[in-house]
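The values are calculated or read from the model by the stated rules, or taken from the named source; none is laboratory data. Predicted model, so just to flag it, every value in this text is computed and none were measured. Every residue, glycine among them, receives a Cβ derived from its backbone with ideal geometry; neighbour counts consider all protein chains shown.
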């Protein structure tokens, strides 16, 4: 049983309790507000309950899930990967982190069977200590004898901590990769796959990055600016350690005016691109026509302000 109190608070960390032999459990609430419960059991579909109140007795019934068979192989050799880790993540797992994705071990020849898959969109993934992780969208409509072949590239694992600007660990931080490019724009957004969240000690572990890939990793949580890491490159069979830093964000306030003209309000969004080409926050003009660009790092950076109908400004 995973318990999430204050679900509207992005920094709220799930905790887990076990049922006894009769399936009974007790959750000691630390707040009076609503909370979420996620129930997991091998071979049964995960169950997510929202907006529960303390003291409310519950009888939970879990349904049998479907099964998917498959095999994890090395892309180059085609050989099965012994004891590869295989998992599936449904949409309800994301708020609870990667730990809420049921995990299974492949056999010596790389074959696996996943049980308890819900009749809803899910992603299945696999990784090994010497291979990068890979996820595949599993179709909702699938045959009873569905077989998934997962081919993994060579790679290595990544682990680390999330620290604030005073060196203190920060729990409940989502770990994202600046990889996804927003269509028709110059912006990129963090990609949360797998859905990693730092634990009570601020630690996290990524199952595996591919060797030719260079990525920038950062932590994201409300009220902080996640400093993008240097480009990370995996080493085969090794676990790299990485510290991610959070800073208190700054705000840039400004108005826009053409040469010799009055203050103008294009009524469009502005885009800030930090050094290194990473996407930053957007801003819209307020009632007075002035802008507030929030969530900026407290260090020198390059700004590119893109304004409809005007030439972009490089600062």
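Here are the numbers for this structure:
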read-out: Flag if residue 245 is at pLDDT 80 or above and either surrounded by 18 or more Cβ atoms within 10 Å (Cβ to Cβ) or touching a strand residue (DSSP E or B) at 6+ places or on another chain (Cβ under 7 Å) (or both); value: yes
read-out: So residue 8, is it more than 26 Å from residue 145 (Cα to Cα), over 25 Å from the mean Cα position of the chain (by Cα), free of Cβ contacts under 8 Å to residues at least 12 places away in the same chain and outside the structural domain of residue 148 (by TED's automatic domain parsing); value: no
read-out: Residue 282 within 24 Å of the chain's Cα centre (by Cα), at negative phi, surrounded by 12 or more Cβ atoms within 10 Å (Cβ to Cβ) and modelled with pLDDT of 75 or more; value: no
read-out: Members of the range 43-68 that are more than 30 Å from residue 30 (Cα to Cα), assigned to a strand (DSSP E or B) and either at pLDDT 95 or above or within 26 Å of the chain's Cα centre (by Cα) (or both); value: 66, 67, 68
read-out: Strands (runs of 3 or more DSSP E) contained in the range 213-258 and holding at least 2 residues within 24 Å of residue 199 (Cβ to Cβ) and out of contact with any helix residue (DSSP H, G or I) (no Cβ under 6 Å at 6 or more places or on another chain); value: 217-220, 239-247
read-out: Test result for residue 97, at positive phi and in contact (Cβ under 8 Å) with a residue 60 or more places away in the chain; value: yes
read-out: Verdict on residue 98 being within 20 Å of the chain's Cα centre (by Cα) and within 24 Å of residue 236 (Cβ to Cβ); value: yes
read-out: Among (1) over 15 Å from the mean Cα position of the chain (by Cα); (2) farther than 24 Å from residue 217 by Cβ; (3) modelled with pLDDT of 90 or more - the single one residue 142 does not satisfy; value: (3)
read-out: Set 229, 198: member being closer than 28 Å to residue 168 by Cβ, crowded, with 20+ Cβ neighbours inside 10 Å and modelled with pLDDT of 80 or more; value: 198
read-out: Residue check, residue 204 at pLDDT 90 or above, in contact with a helix residue (DSSP H, G or I) (Cβ under 9 Å, 6 or more places away or on another chain) and either in a strand (DSSP E or B) or in the same structural domain as residue 296 (by TED's automatic domain parsing) (or both); value: yes
read-out: Some residue of the range 70-88 being in contact with a helix residue (DSSP H, G or I) (Cβ under 9 Å, 6 or more places away or on another chain) and either modelled with pLDDT of 90 or more or surrounded by fewer than 21 Cβ atoms within 10 Å (Cβ to Cβ) (or both); value: yes
read-out: Among the candidates 36, 87, residue that is in the same structural domain as residue 131 (by TED's automatic domain parsing), in a strand (DSSP E or B), within 18 Å of residue 195 (Cα to Cα) and touching a residue at least 12 places away in the same chain (Cβ under 8 Å); value: 87
